[in-house]
Amino acid sequence: MNEFKENLKKYKKEPKKAVEIKEKEIYYYVYDENKNKVGKIKSDYEKFQNLWLKGVAVFVLTKDGMLILEKRAATTKLTPNLIDLCSGHRDNKEKGKQTPKRELKEELGIKKKKIKKIKRVEREIPLIFGNDRKFYIQFYVAKTKIKSIKKLQKEEVENIIKVHLQEGFNMIRRGETKFPYKGNEQYFEKLFEEVEKFIEKTNSRKIKGEEK
């Protein structure tokens, strides 16, 4: 028994060997023009023809109602140097709010507890970025408890721009962001209306609550 205790003490004092943990492979489902799932590709494979991916984009609002836009890093593979909303692919089997919440944390450092309200405002708008990058984009609005961004994913986001919501809409209309507004005006104008409705609705609830 004493020998066992001595060996146990030695074991506890010995440095532990590092254990190699393999990260779970990230992949994207791909779809045809009718939104039928036709397969999946690895996350580092972006060159494909006539297939669609699914993604999300988030209108991120600060505590004082300002819209946060991203200035993409020059070194990023996707949309370098362009102005963007907080956006990303749907990974693996992610559903609903899982993707936008993950992107908010990864790109802007906004944790779940700092999100006051998040809601999908438009479902799967078909958009083509560049010549061949086809996405069904789900748009969300996230009202946060933050006033400013303190942590950025520097590999993808160079800095942020804070603008009034209407100026953000106008930047998309003028083609100053990555979003292909021209030719998709009907989608975006409906989207802008839905974003405004969501904000008006949540603001009116807040006012009623304050009156009580």
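Enclosing the Cα atoms of the stretch 74-178 in their convex hull gives a volume equal to 121 cubic angstrom per residue. Which links in LYS63/LYS95; LYS111/LYS143; LYS42/LYS77; LYS63/LYS150; LYS97/LYS154 stretch past 19 Å when you go from one Cα to the other? In this structure, LYS63/LYS95; LYS97/LYS154 exceed 19 Å between Cα atoms. In terms of overall dimensions, the stretch 24-206 has a Cα radius of gyration and Dmax of 15.8, 47 angstrom. Quick check on the stretch 103-156: take the gyration tensor over C-alpha atoms, sort the square-rooted eigenvalues as a ≥ b ≥ c, and tell me if it's rounded (a/c under 1.5), prolate or oblate. Oblate is the answer for the stretch 103-156, as a/c is 1.5 or above yet b/c matches or exceeds a/b. Computed extension length for GLN98-GLU124: 7.8 nm, one decimal, from 0.36 nm per residue of separation with the Cα-Cα distance subtracted. At a temperature of 37 °C and a viscosity of 0.692 mPa s, determine how fast the stretch 62-136 diffuses translationally according to Stokes-Einstein, using the Kirkwood radius over alpha-carbon pairs as Rh; express D in µm²/s, rounded to the nearest whole number. Once the numbers are plugged in, D ends up at 233 µm²/s. Take the Cα of THR75, step 7 Å toward its Cβ, do the same at GLN166, and the gap between the two points is 4.0 nm.
Structure note, pairs LYS37/LYS145; LYS112/LYS182; LYS37/LYS116; LYS114/LYS182; LYS119/LYS178; LYS37/LYS147: Cα-Cα distances above 31 angstrom occur for LYS37/LYS145; LYS112/LYS182; LYS37/LYS116; LYS114/LYS182; LYS37/LYS147.
Read-outs throughout are calculated quantities, based only on the coordinates presented, and are distinct from any laboratory measurement. Given the structure is predicted, the values throughout are model-derived calculations rather than measurements. Please note: Cβ atoms are built from the backbone with ideal geometry, for glycine as well, and neighbour counts cover all protein chains shown.
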